[in-house]
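As structure tokens, the structure follows; a few thoughts come after it.
Every read-out reported here was derived from the displayed coordinates using simple, explicitly stated rules and does not represent laboratory data. Model, not experiment: these values are computed from the prediction. Cβ placement follows ideal geometry from the backbone for every residue including glycine, while neighbour counts extend to all protein chains displayed.
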Amino acid sequence: VIILVICCMGGLGQKQTEKRKSSAEEIHFQTKVKDSCTMNMSGNGEMKLRIECKHQGKSYWCEYTGKPSICRPFNNNPKLYWNQIVLELRKLPNACQSTLVLKPTMCQKAPTDAHMKQVVSSLKPSQNPSQQSDTANQGKSIQKPWKSSAKKAGRPKPSTVPLIKPTQHEQGSENDTEAMKLAREHCWESLHTLCSYIISIFRG
């Protein structure tokens, strides 16, 4: 009789465990903007969590890994653990974009390894070819002014000597010279300067 009771209790415990596992294998939910999502859990010890969402013909996904079994409340009620994660994801417009670490309320104080951390996502930002070409063009535009300035510095412009037109002063000095010649020819030596001055006035 004792053996029969033990077998029945063992079978009942196994059924409850299987039921608990099956209830936590897949959960369906919707995000704040009505993305239809499915959350799948798998593994023992280190568990893997995959979220797949679809909305208006577009889809995205992400995966998490962690060891929630380190958290004692998880072992007591794993279904509540996953439901708390779903409640948090329902409040977000995107189930994968701003949730790098999932920390349910019941395991907030658990060690870091107990939290589910995002390891891969289809929404990871990557630089497209147009952005790369823009970056390359920016690099070229930065280098061009330096090259042009270097060319200008290496090729000095030939210095040009401006043409100097005869000034009025020089023209006046020529008139003074001619006036002095006339003064020497027609005036006494002691009056050369005075005669030269008078002649230069009349000659303009």
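Simple spin-label model, 7 Å along Cα-to-Cβ: LYS54 to ASP113 in nm?
3.8
Skipping prolines and chain starts, which residues have an amide H placed within reach, meaning under 5 Å, of the one on MET116, given they are 5 or more residues away or on another chain?
Those qualifying (amide H under 5 Å, at least 5 residues apart or on another chain) are LEU102.
For region 26-121, what does the alpha-carbon gyration tensor say about shape, rounded, prolate or oblate, given a ≥ b ≥ c as the root eigenvalues, a/c under 1.5 as rounded, and a/b over b/c as prolate? Intermediate values should be presented prior to the final figure.
Numbers: a/c = 2.00, a/b = 1.78, b/c = 1.12.
Note, shape of region 26-121 comes out prolate.
Near the amide H of LEU123, under 5 Å away, which other amide H atoms are found, from residues 5 or more places off or on another chain, if H is placed in the peptide plane?
TRP61
Can you work out the FRET efficiency for the pair ARG72 and THR38, with r the C-beta to C-beta distance and R0 = 25 Å, to the nearest 0.05? Before the final figure, lay out each step's value.
Working: r = 28 Å, r/R0 = 1.13.
Taking R0 as 25 Å, the efficiency between ARG72 and THR38 is 0.35.
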